[in-house]
Every structure is written in C-alpha cells, then in structure tokens.
1. Let me have the relative contact order for the chain, percent, based on Cα pairs under 8 Å that are six or more residues apart.
2. With each run of n ≥ 4 DSSP H residues scored as -39500 (n - 2.57), what mean residue ellipticity at 222 nm is computed for the chain after dividing by its residue count and rounding to the nearest 500 deg cm²/dmol?
3. Please identify the DSSP H helices in the chain that span no less than 15 Å along the helix axis (Cα) and have a mean Kyte-Doolittle hydropathy of 1.0 or more.
4. Run a plain Debye calculation on the range 231-378 (Cα atoms as equal point scatterers, no solvent) and give log10 I(q)/I(0) at q = 0.11, 0.20, 0.21 Å⁻¹, rounded to two decimals, same order as the q list.
5. In whole Å, how far is the Cα centre of the range 220-292 from that of the range 169-194?
6. Taking amide hydrogens as modeled 1.01 Å from N in the peptide plane, which residues meet the under 5 Å criterion relative to V334, leaving out close sequence neighbours?
7. Under 5 Å between amide hydrogens, which residues at least 5 positions from E135 or on another chain qualify, with H placed 1.01 Å from N in the peptide plane?
8. Nothing charged except the Cβ atoms of Lys and Arg (+1) and of Asp and Glu (-1): what's the magnitude of the dipole of the chain about its Cα centre? Round to the nearest 20 debye.
Amino acid sequence: MMRRKNILVAALTLVAFSGCMVGPKYQQEPADPKVTYSGALNADTTDLVKWTQFYDDPALLQLIQTTLDSNRTMWLASARVEESRLLAGAVKANLYPQFGFSATGGGGSAGADAQRVGSGFDGGFFEVMGRLNWEIDIWGRIRHLNRAAQARYFEEQYVLHGLRVSLVAEVAGNYFLLRDLDQRLLIARRTLEARKENTRIISARFNEGWTNEVDMLMAVQQEQIAAAAIPNIERQIRQVENALRVLQGMGPGPIERGRPNVDQNLSPNAIPMGLSSQLLERRPDIIAAEFGLQRLTERAGVAVAARFPTLSLTGVLGFASPELGTLLTGDGAVANGFGSLAGPLFQWNQLRNIAGAARQGIVQAAAERDQTVLNAFADVDNSLAFYRTFTEENQARQTQVQAALKALDLSMARYNEGFTSYLEVMIAENNLFSAELEESATRGQRLNSVVSLFRALGGGW
C-alpha cells in the first residue's frame, strides 16, 4: 500500500512539474488601426465574395481554375503545407511515451579462457524485450516544439492561401492586359488600312500632278507608323499569352479569349470594404505573418528550456533465457525501470546567447508582421486611388477620341478642298491614333485597379 502511495505521489509531482513552462508566452496583440481610406465606395461588413462570383467572364474563370489546379508553384506550396502537417504530427508524438521492442537470439561455444576475457560465451541466448522511453516535459521544451510545429503548419497554410490570392489576381490582370492589347492591335490594323487608302489616293494625285511629293512622302510615313505599331503589339501579346500559359503549367501557345474589356463588368461597388480591422482577418499574408511570430515565440521557449535539466524515464519489460524452451518462464522475466536527469553545467554562456538570439527573432518577426499590416492598408488605399483616377482619365480619353475623330474628318475635308496642307491631316491622324490607344490602355488599367483592390482586401481564396 505504501509503495502504491509513493508511486502516486511521484506521478503527481511529475505532472505538476510538467505544467511549468519557461520562456516567452505568445499573445496576439489586439489591432485597432486608425485608417481612413481615400474614396471608399462600400463600407459593407459582409464577407468578400469568392473569385468565382466576382469575375463573370467564362474564359477568365476557366483560366483561373486551370491555374489553381496546375500551377507548379501551387503544387510546391501545397507540398510544403502537407510536409509541415506531417512534421507537426511527428513532433506532437514526443509528448507521449515511446514504446518499442527487440528480439535477440543466438548461441555458440567458447572455452573457459575465452569466456574470462569476454571473447564469447558457451551456450544459447534468447531475449524478447519491450522498451519504454519518455522524456518528462518539465520545462515545456516539447510543448514549445509542438506549438511551434503547429504554428508553422498554419503559417504554410496561409502562405498557400496568399499564393492563391496572388495567382487569381495575376491571371485576371494579365487577361485584361491581353484584351487591351487585342483592342490596341485592332486599332492599329484599322488605322493602317485607313492610311493605306490615304497613301493610295495621294500617290494617285501626285502621279497626276495634283499634289506635291512631300504630301505623298508624309502619307507613306503615316502608313508606316501604323504598320510598325502592329508587330510591336503582337510581341507584347505573345509575351502575355506565354505568361498566362506558364501560370497554367503549360508551354507556349494561344489563350482563349472571352469578352472585350469594354464589356467587362467590374466595379469596387461589388466589393464590401468592411471595417479596417477586418482586413487583418481577410488578408492571408497578415495571418501567415502572425503565425510566423507565434512560431518564433515558441522556438524561443525551446531555447530557454534547453538551459534546464531534462528528466527521462526508461522501462524494460520482457524475458531472457539461455534456452528457448524456458524463455517465457517466471525465472526468465525481466522488469527494470530507470530514471535519468541530465542538464548543462558549464557552457560559457552559449545557451544564454542562443536564447537571447531567439528573443531577437521575435522582435524581427513582430516588425515584419507590423510592416505587412501597413503594406496591406497602403495596397487598399492605392487601389482605391487608382480606380478613381483611371476612371477619370478614361472618361477624358473617350472625350479626346471623339474630338480627335471629328478633327480628322474636318482636316481631311479642308485638305481635299485645298484649304490646308497635309501636315494638318498628319497631326490629326497622329492625335486620333494616340488617343485611341490611350483610351484602350486606361480602360484596361481601370479594370486592373479593381483586380488590385479585390486582391488587397484579401479576395480570391
């Protein structure tokens, strides 16, 4: 009875000691950011819509889905998440006793002198043993390791979510750029055809002596300006197509098109802006940075716990006998238990410096987390500003195109009637060409600003 009582007291003592954790304790700091966005359009606090609901172009939706399924970087990030999950499970197992077994058998013959010097034994030897090893986590070293492994798993998981957000935005951005380039190519080809006709007419007039050679040469120049723009745009189209193909895990090739940019329906009004504090819960990179801070805090706890002794228990239970037939008899039973206490003594401040360096890692991770938060709010505000200014710029470009188109018609009429030189026509042509290209570009940039806002708010996962 007394023996059982002693065992119970010893067990309770171990449990009590195992509840003592040394090292820094992770605590998530409550964030109360004071942020005022410029031009926030929708203060709704509902959850963000999914990318499948936000984009409505079937071709774009298919591109995004293929990218998320086949992108090699996604595969790599997914493997890292699975790796960290398995490692977390392996570390967690250290909290519990470890059981194993061994079985040995053999025999031989040796003379008396050989036996005296330990060079062999005469007879047989059979052993079957079960073994127990358990490190009692007095100072929390193993628990810190377990929490650090779990934090790493969640950190990698949100890194994967962040990659998904980036890929969705990158595909959408490249797609709208591609459709913008398609529109610019259409403008260049249309302009080239019109200028070819002008060159034909003016060359005929020159051959008939109705105009001078300068006008004809200026018309040729205008035609070649439009002609040179086409291969330039085609190069850009091929680059963007290949970029999209690489994102999808494919080799070079064409990209299926959907709606032109003029028919795309994207607006910040469809995105619930929410409160500034909600951004901290929406952005996967912020959440990942928070888990990174937690991981380093727990690792610092491991470094502090390494300065204290470790207590380990070892148990052996089994049978040993010189003959196989008597192996499982009572005389062959073995039951042994051992306890060991080991710890550092003179390390010349090595462990203290390691623990101090680990604490500085916490400071760095906290600074990185704070910087990630600041960058997130800046991303949102920049995207709002871009949408507002690109909207205004595109409206101005549309008015510019209409004015340039009318000016060209009037200049051509004046030139045909002999009231002005071809220089006025050339200027009007260049103005229209530039205005149409810029209008297409700013329309695409306006769409991309909405994509950036959706990404900045954490949308896409």
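Bear in mind these aren't lab numbers, they're just calculated from the coordinates by the rules spelled out. These figures come from a predicted structure and were not determined experimentally. Please note: Cβ atoms are built from the backbone with ideal geometry, for glycine as well, and neighbour counts cover all protein chains shown.
1. On the way: 653 pairs, mean separation 119.4, N = 461.
Over the chain, the number comes to 26 percent.
2. On the way: 11 runs with 290 residues, N = 461.
For the chain, the value works out to -22500 deg cm²/dmol.
3. Details: long enough: 2-18 (24 Å, 0.97); 58-70 (18 Å, 0.55); 72-92 (30 Å, 0.04); 141-207 (95 Å, -0.38); 213-247 (52 Å, 0.11); 284-305 (31 Å, 0.49); 350-416 (91 Å, -0.37); 422-456 (50 Å, 0.01).
Within the chain not a single helix satisfies the rule.
4. Each listed q corresponds, in turn, to -0.82, -1.16, -1.19.
5. Centre-to-centre (Cα) distance: 12 Å.
6. Here G318, F319, A320 satisfy the definition.
7. L313
8. Numbers: 45 positive and 48 negative charges, 350 e Å.
Taking the Cα centre of the chain as origin, the dipole is about 1680 debye.
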